[in-house]
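FYI, it's all coordinate maths here, none of it is from the lab. Since we're looking at a predicted model, the values are computed, not measured. Quick reminder, even Gly has a Cβ in these numbers, built from the backbone with ideal geometry, and neighbours come from all protein chains shown.
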């Protein structure tokens, strides 16, 4: 279990400066003694919670500076009635989100809550709709939301402030799940309701230790507030001094070489710093698709990079999430193509491969910001093309792009194995062929043409 820090303690842990926002005046809720339900003892429970925590409500909202970037912080106090959301909590959250939009500031929810407050019944539950609307308005305004999941993050707080954020970080050992510990089935596996499980399932991006939280938030806030509308330039080719391939089969063998630089090498060379997102928010992750944001030439560029493996549906969905997030926040996108194709096993079909690829095609085709693509290895059919930018795709000398792998093309055409190499030539898949065909704009870092 993660250490349960108070709201003020976690604020001190992650911020350089913090100024609380004034509490909004109580709305026309008509709260009588013991709240809207007349729940006996509710007023006394609130008074004890206030005396114990020093807070007037379950959330502390304020303007903060984190690593030099201003933001609005929403820190939950679990010691105040389990960090539960009531109407006055909703008042504070709505006012804080409104302030963030008015001042063009990102929002950082530091979540620790058991969910809606029982003592206020449905008046408390509908605060989730209110919070969801504020989050949606902030999203539409192009402002990033970076959530930190503390212990515990359950119920509606997880389903709105946590899972609804653009980037979701979690403290190791934190209890995270829609169902709290007292309402789960008795035979439920407790390991499924942890921060580690949510990261593994693609519902959260990363685990961050408390001592690294300030630095991590500072990096994310800096990257996600550094906008530029200009397209990302394609990276330089790495390890491509041998020039262009003489034959189609040479292009294929060079692209498949284990010595060829992969996506990680290109990302490391291109970005001075970067931060990764992970997961499709639908229950899956794919290490074959690397996504995130990085700094290049003093500005932020989003990236989605295939890592040389067959891409699974979760990988395509994660890339789609990245492209759409970049468009909403105003960042150009760099994509790196390197895959033999989409995963084609039965499990991939059950996970919705066709729909995931189709959605990525749509996301790239309708991207709100410029997309630049570099083919760095294998360009295997539609599974690779889904990540490629129409009209702004480049290639390295040790890459190829083909309608289908030459071995599969020969099999479909019922050709014997010894004709695979000739088939590769007929497919005109070399980088220089792709330029002549108008499929790519150019070959980066080519020593000579041929």
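Normalising the average separation of contacting C-alpha pairs (under 8 angstrom, six or more residues apart) by the number of residues puts the relative contact order of the chain at 12 percent. For segment 238-385, the share of DSSP beta bridges that are antiparallel, to the nearest 5, is 55%. Relative to the first principal axis of the alpha-carbon coordinates of the chain, what is the inclination of helix 210-223, with its axis defined by its Cα atoms, in degrees from 0 to 90 and to the nearest 10? Its long axis makes an angle of about 60 degrees.
Once the Kirkwood radius over Cα pairs is known for segment 251-319, the Stokes-Einstein relation at 4 °C and 1.567 mPa s delivers a diffusion coefficient of 100 µm²/s.
When every Cα-Cα distance of segment 333-405 is counted in 10 angstrom steps from zero, the calculated P(r) takes the values 21, 50, 26, 3 percent. Taking the Cα atoms of segment 248-436, the ratio Rg/Rh between the radius of gyration and the Kirkwood radius comes to 0.98. With contacts taken as Cα pairs under 8 Å and at least 6 residues apart, segment 304-398 reaches a relative contact order of 36 percent.
The distance separating the Cα centre of segment 410-429 from that of segment 253-318 comes to 31 Å.
Quick one: angle between helix 42-53 and the longest Cα principal axis of the chain, in degrees between 0 and 90, rounded to 10, please. Once rounded, one gets 70 degrees. Computed on segment 259-336, with alpha-carbon pairs under 8 angstrom and 6+ residues apart, the relative contact order is 30 percent.
Expressed per residue, the C-alpha convex hull volume of segment 294-386 stands at 81 Å³. Computed over the Cα atoms of segment 7-223, the ratio of the radius of gyration to the Kirkwood radius (Rg/Rh) comes to 0.95.
Compactness of segment 1-86 was expressed as the Cα radius of gyration divided by 2.2 N^0.38 Å, which yields 1.24. Only helices enter this figure: runs of n ≥ 4 DSSP H residues, each worth -39500 (n - 2.57), summed and divided by the residues of the chain, yield -9500 deg cm²/dmol at 222 nm to the nearest 500. Sorting 57, 102 by the number of Cβ atoms found within 10 Å of their own Cβ, with the fewest placed first, yields 102, 57.
Once the convex hull of all Cα atoms in segment 222-293 is built, its volume per residue stands at 155 Å³.
Where both bridge residues fall in segment 7-223, DSSP classifies roughly 45% of the beta bridges as antiparallel. Starting from one equal scatterer on each C-alpha and no solvent at all, send me the Debye-based log10 I(q)/I(0) for segment 209-355 at q = 0.09, 0.10, 0.14 Å⁻¹, two decimals. Calculated log10 I(q)/I(0) at the listed q: -0.33, -0.41, -0.77.
Annotation: the antiparallel percentage among DSSP beta bridges lying fully within the chain is about 45.
Across every direction, the projection of the convex hull enclosing the Cα atoms of segment 110-162 has a mean area of 3.5 nm².
Taking other Cβ atoms within 10 Å as a rough exposure proxy, 16, 151 sort from fewest to most as 16, 151. Taking the centroid of alpha carbons for each part, segment 187-236 and segment 332-371 are 21 Å apart. Averaged over residues, the count of other Cβ atoms within 10 Å places the peptides 408-414, 213-219 in the sequence 213-219, 408-414, highest first. Over all directions, the projected convex hull of the C-alpha atoms in the chain averages 23.7 nm² in area.
Between rounded, prolate and oblate, where does segment 122-267 land on the alpha carbon gyration tensor, with a ≥ b ≥ c its root eigenvalues, rounded for a/c under 1.5, else prolate if a/b exceeds b/c? It is prolate, given that a/c is not under 1.5 and a/b is the larger ratio. For the chain, the longest principal axis of the Cα atoms and the long axis of helix 87-102 meet at an angle of about 50 degrees. Counting beta carbons within 10 Å around each of 361, 331, 78 and listing the fewest first gives the order 361, 78, 331.
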